[in-house]
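Engineer: Got a structure here, written out as C-alpha cells. Questions coming.
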Amino acid sequence: MEKEIICTVCPRGCHIKVVGDDKNVQSLEGYGCKRGVDYATAEFISPVRILTTTVKIDGNDADLLPVRSNKPLPKDKLFECMEIIRKTSVKLPIKQYDVVISNICDSGADIVASKSVL
Amino acid sequence: MYNINCDVAVIGGGPAGLAAAIAAKKEGAEKVLIIERDESLGGILQQCIHPGFGLTRFNEELTGPEYYSRFTEEVSSLGVEVLLNSMVLEVNDSEKTVICVNKEYGMTKVVAKSIVLAMGCRERTRANIVTPGTRPAGIYTAGSAQRLINRQNIMVGKKIVILGSGDIGMIMARRMTLEGANVVMVVELMDYLAGLTRNKVQCLDDFNIPLKTSHTITKIVGDKRVEGVYVAPVDENKKPILEKEEFVACDTVLFSVGLIPENELSKNAEVEICPVTNGPVVNQYMQTSKEAIFACGNVVHVNDLVDNVSAESEQAGKYAARLAMGSFPEKEKEIAVKTGRNVRYTCPHKLIKSNENEKVNLYFRVLAPEKSVKLIARCGEEIISSKKEYRVNPGEMNNLCIETAKISGNEIVIEALKEE
Ligand SMILES: Cc1cc2nc3c(=O)[nH]c(=O)nc-3n(C[C@H](O)[C@H](O)[C@H](O)COP(=O)(O)OP(=O)(O)OC[C@H]3O[C@@H](n4cnc5c(N)ncnc54)[C@H](O)[C@@H]3O)c2cc1C
Ligand code: SF4
C-alpha cells in the first residue's frame, strides 16, 4: 500500500510518500525532518483525531454544551462516536473537564465538557 | 446618563480584549473595564468548539472555549471589571469617553485615561462579493452557520456547497459532515488554499470532500430554497470559463470569503485606517493615530491564529496602562514600515524609536505563495533582521523580530526574497 501524507506538524507541510502494510511502514520519502517521520508513521498505521461537538442540556433547548475527547480517537471511529454523543444530554451544573461519556466506543478516551455551565 | 470612571477601557471581550485587559491590570493600571455587547465573554471563540487553539502559546491543542476560559479566569482573579450586555455606540478621543447602552443602566458614559479597541471582525457576505442568481433560503456565511449549529442547535442544511477555502469554511465542512450532512465540494477562486494546510488535511481530506481550486460559483438557483449552483473553472484573469460550467445540486450554500475588521467606531473617532487591512494604523505599542486609543486583535488585521492575537493584545494592554499611568516611552523618532517584494501588509505599520531598546515582533502577510524564501527587514541596504522560510503562503502570517536600536534612517522595508 502506498499513501501520500501531508505533514501538519509545522507550516512547511511536507508531502510524505509512505509505503507499507497495515502494521508496518517500509519506506518514507519527502519528509523535511524527524518529526515528519513520526507523524507520517502514526498517520499511516493508525490515524487519530480529537473529536469536538456539542451535547444537549436537559431542560434547556436554547443552549448547548461544547464537548471534546480528552485524547485523540481513531479516525475510523469518529462517526460511531458521534452516534452515541447525539443521544446524550447532560444535567447542569457542569464543570469544565467533567466526564460526559467515559471510554467512548472502547477507545480509552472520555468525552468531557469544554467549558463550565453553571 | 449613568457614569463610570476607569483608567483603561477595553471595548470587546473576545481573546483580544481579554488579553489586553489582563496585561493592563498586571502592568499596574488600577481600574480596568471590559465593555462587551454579548451576554458573556469569549468573543468568536464561544462558537469555535473545534480544536486548534493555543498550540504556540500553551503548547497544547485546545478548543475555543478552553482557550478563552484560561483568560476569563484570570480576568476575574485579577479583579478586572466587566460590563456585559453593553453595546458601544461611540468613542470620543478628545473627551476620552466611551458611550454605550447597557441593559440595566441604559445610556452609560465611561470616562477613561486610555481606550483599547478590540471589536474583532465580521464576515464578508454574498453582497460584498456579488454572486448572481436568485435570493432563496439556504444561503449563509460560514460563521453564522457555525453560530447556529454550535450555539443554537440549528442545522442549516443537508447537501452543502461551500464557496471559499478559508479556515471557517473548512472547519464547517467537517462539522456538518460529522452531523450527518453531505458537503459536496469546496469551491475556491484562487489557485491556492486560503486557509491553513492543517485544516485542509483534517477537515476536507479526512472526509474526502473535494476542493476545487481555480473555480467559482457562477449562479445560485432555487425558488424558495436553494436547489443548486453552477460551478465553473476560471482563467488566469479569474474570469469564469462558461463553456465548462456545471450544475451542482445542493440545498445550502455557505460563503467563507473572508473577514473585515469591525471599524465603524474607529472611523467615527477619526482613527487613521489602513486601506489594505481595513483596520487602524498602529505602532508597536498597538497605539493608533490617536494617542489615547489603542487597538488589537481582528479589529486591526484578520489573524489566523488566536495565539498571535493574544500576544499582540498584551502589548496594547501594557502600553495603554503605561499611558494611563503617565509612564509611556518617550518618542525619539517615528519609523515608517514599508512593504517590499511580495509583502501585502505589515502590522505594526510604523515603529517608534524611543529611549528604550525594544524587541518588536513585526507580523506580515505575503501577496502570493512561494517556496525557498528569505524574509528580510532592511534599512537602506543594511539587513537588520532576516529568516529563511521553506514556504510562504498568504493564508499563514509571517513574522520577524526587530531590535529598535538597530534601526537607522527613517524607514524599514520588509521583503520576501526568492532564494536561488
Ligand atoms: C469562525 C472562526 C474560526 C477560527 N478558528 C481558529 C483556529 O482554529 N485557531 C486559531 O488559532 N484561531 C482561529 N480563529 C481566529 C481567532 O478566533 C480570532 O483571531 C480571534 O477570535 C480574534 O479575537 P478578537 O478578540 O480580536 O475578536 P472577537 O473574538 O471577534 O471578539 C470581539 C468582541 O468584541 C465585541 N464587540 C464588537 N463590537 C462591539 C461593540 N460595539 N460594543 C461592545 N462589544 C463589541 C464582540 O461581541 C466580541 O465579543 C478563528 C476565527 C473565526 C472567526
Ligand atoms: S516533515 Fe518536518 S519540516 Fe516537513 S512539515 Fe513535517 S515537521 Fe515540518
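The values are calculated or read from the model by the stated rules, or taken from the named source; none is laboratory data. Please read all numbers here as calculations on a predicted model, not as lab measurements. Quick reminder, even Gly has a Cβ in these numbers, built from the backbone with ideal geometry, and neighbours come from all protein chains shown.
Engineer: Hey, could you check the stretch A:12-46 for residues that are touching a helix residue (DSSP H, G or I) at 6+ places or on another chain (Cβ under 7 Å) and either closer than 14 Å to B:R198 by Cα or within 16 Å of ligand 1 (Cβ to nearest atom) (or both) and say which is farthest from the other protein chains (Cβ to nearest Cβ)?
Structural biologist: Per the stated criteria, the residue is A:C14.
Engineer: Looking at B:C296, B:C347, which one is outside the structural domain of B:A23 (by TED's automatic domain parsing), in contact with a strand residue (DSSP E or B) (Cβ under 7 Å, 6 or more places away or on another chain) and buried (at least 17 other Cβ atoms within 10 Å of the Cβ)? Steps first, please.
Structural biologist: Values: B:C296 fails: outside the structural domain of B:A23 (by TED's automatic domain parsing).
Checking each option against the conditions leaves just B:C347.
Engineer: So, one more: Out of the stretch A:62-96, which residues are basic (K, R), surrounded by fewer than 14 Cβ atoms within 10 Å (Cβ to Cβ) and under 26 Å from B:E73 (Cβ atoms)? Talk me through it step by step, then tell me what you get.
Structural biologist: To start, the set of residues in the stretch A:62-96 that are basic (K, R) comprises A:68, A:71, A:75, A:77, A:86-87, A:91, A:95.
Cutting the leftovers down to surrounded by fewer than 14 Cβ atoms within 10 Å (Cβ to Cβ) gives us A:71, A:87, A:91, A:95.
Across the stretch A:62-96, the qualifying residues are A:K71, A:K91, A:K95.
Engineer: Here is a list of conditions, (1) within 16 Å of ligand 1 (Cβ to nearest atom); (2) in the same structural domain as A:V90 (by TED's automatic domain parsing), and A:N70 meets all of them except one; can you say which number that is?
Structural biologist: Failing condition for A:N70: (1).
Engineer: Which residue is modelled with the highest pLDDT, if the candidates are limited to the stretch A:50-62 and must be facing chain B (nearest Cβ under 8 Å) and over 15 Å from B:E179 (Cα atoms)?
Structural biologist: A:I50
Engineer: Within the stretch A:63-79, can you find the residues that are more than 19 Å from B:E60 (Cα to Cα), facing chain B (nearest Cβ under 9 Å) and touching a residue at least 24 places away in the same chain (Cβ under 8 Å)?
Structural biologist: A:D63, A:K75, A:L78
Engineer: Only residues that are among the basic types (K, R) and within 14 Å of chain B (Cβ to nearest Cβ): list them for the stretch A:83-118, please. It would help to see each step written out before you state the result.
Structural biologist: Initial filter on the stretch A:83-118 (among the basic types (K, R)): A:86-87, A:91, A:95, A:115.
Passing the criteria: A:R86, A:K87, A:K95, A:K115.
Engineer: Okay, moving on. From the list B:L41, B:L33, which residue is more than 16 Å from B:E262 (Cβ to Cβ) and either touching a Cys at 6+ places or on another chain (Cβ under 6 Å) or within 16 Å of ligand 2 (Cβ to nearest atom) (or both)?
Structural biologist: Details: B:L41 fails: either touching a Cys at 6+ places or on another chain (Cβ under 6 Å) or within 16 Å of ligand 2 (Cβ to nearest atom) (or both).
Among B:L41, B:L33, only B:L33 is more than 16 Å from B:E262 (Cβ to Cβ) and either touching a Cys at 6+ places or on another chain (Cβ under 6 Å) or within 16 Å of ligand 2 (Cβ to nearest atom) (or both).
Engineer: Would you pick out the residues in the stretch A:12-62 that are under 22 Å from the mean Cα position of the chain (by Cα), hydroxyl-bearing (S, T, Y) and within 12 Å of ligand 2 (Cβ to nearest atom)?
Structural biologist: A:Y39, A:T41
Engineer: When you go through (1) more than 8 Å from chain B (Cβ to nearest Cβ); (2) within 13 Å of ligand 2 (Cβ to nearest atom) one by one for A:I6, which number turns out not to apply?
Structural biologist: Only one criterion is unmet by A:I6, namely (1).
Engineer: Residues to consider are B:L78, B:L18; find the one that is in contact (Cβ under 8 Å) with a residue 40 or more places away in the chain and within 13 Å of ligand 1 (Cβ to nearest atom). Working first, answer last.
Structural biologist: Numbers: B:L78 fails: within 13 Å of ligand 1 (Cβ to nearest atom).
So the residue among B:L78, B:L18 that is in contact (Cβ under 8 Å) with a residue 40 or more places away in the chain and within 13 Å of ligand 1 (Cβ to nearest atom) is B:L18.
This table checks each residue for (1) under 28 Å from the mean Cα position of the chain (by Cα); (2) of a type in the set (V, I, T); (3) within 14 Å of chain A (Cβ to nearest Cβ).
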| residue | (1), (2), (3) |
| --- | --- |
| B:Q202 | yes, no, yes |
| B:V226 | no, yes, no |
| B:D235 | no, no, no |
| B:K239 | no, no, no |
| B:K244 | no, no, no |
| B:F255 | yes, no, no |
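Engineer: Next question, about the same structure. For the stretch B:294-310, state whether one or more residues are in contact (Cβ under 8 Å) with a residue 40 or more places away in the chain, of a type in the set (A, V, I, L, M, F, W, C) and farther than 24 Å from B:L400 by Cβ.
Structural biologist: Filtering the stretch B:294-310 for residues in contact (Cβ under 8 Å) with a residue 40 or more places away in the chain gives B:294-310.
Next cut, of a type in the set (A, V, I, L, M, F, W, C) only: B:294-296, B:299-300, B:302, B:305-306, B:309.
Checking which are farther than 24 Å from B:L400 by Cβ leaves us with none.
Checked the stretch B:294-310: no residue is in contact (Cβ under 8 Å) with a residue 40 or more places away in the chain, of a type in the set (A, V, I, L, M, F, W, C) and farther than 24 Å from B:L400 by Cβ.
Engineer: Right, here's the next one. Identify all residues within the stretch B:394-409 that are surrounded by fewer than 19 Cβ atoms within 10 Å (Cβ to Cβ) and more than 14 Å from chain A (Cβ to nearest Cβ); write none if there are none.
Structural biologist: Across the stretch B:394-409, the qualifying residues are B:C401, B:E403, B:A405, B:K406, B:S408, B:G409.
Engineer: Restricting to the stretch A:97-118, what's the tally of residues that are of a type in the set (D, E) and either buried (at least 17 other Cβ atoms within 10 Å of the Cβ) or closer than 23 Å to B:C48 by Cα (or both)?
Structural biologist: Of the residues in the stretch A:97-118, the ones of a type in the set (D, E) are A:98, A:106, A:110.
Still in the list and also either buried (at least 17 other Cβ atoms within 10 Å of the Cβ) or closer than 23 Å to B:C48 by Cα (or both): A:98, A:110.
Of the residues in the stretch A:97-118, 2 are of a type in the set (D, E) and either buried (at least 17 other Cβ atoms within 10 Å of the Cβ) or closer than 23 Å to B:C48 by Cα (or both).
Engineer: For residues that are crowded, with 24+ Cβ neighbours inside 10 Å and either of a type in the set (K, R) or under 20 Å from B:A145 (Cα atoms) (or both), tally how many sit in the stretch B:54-71.
Structural biologist: 2
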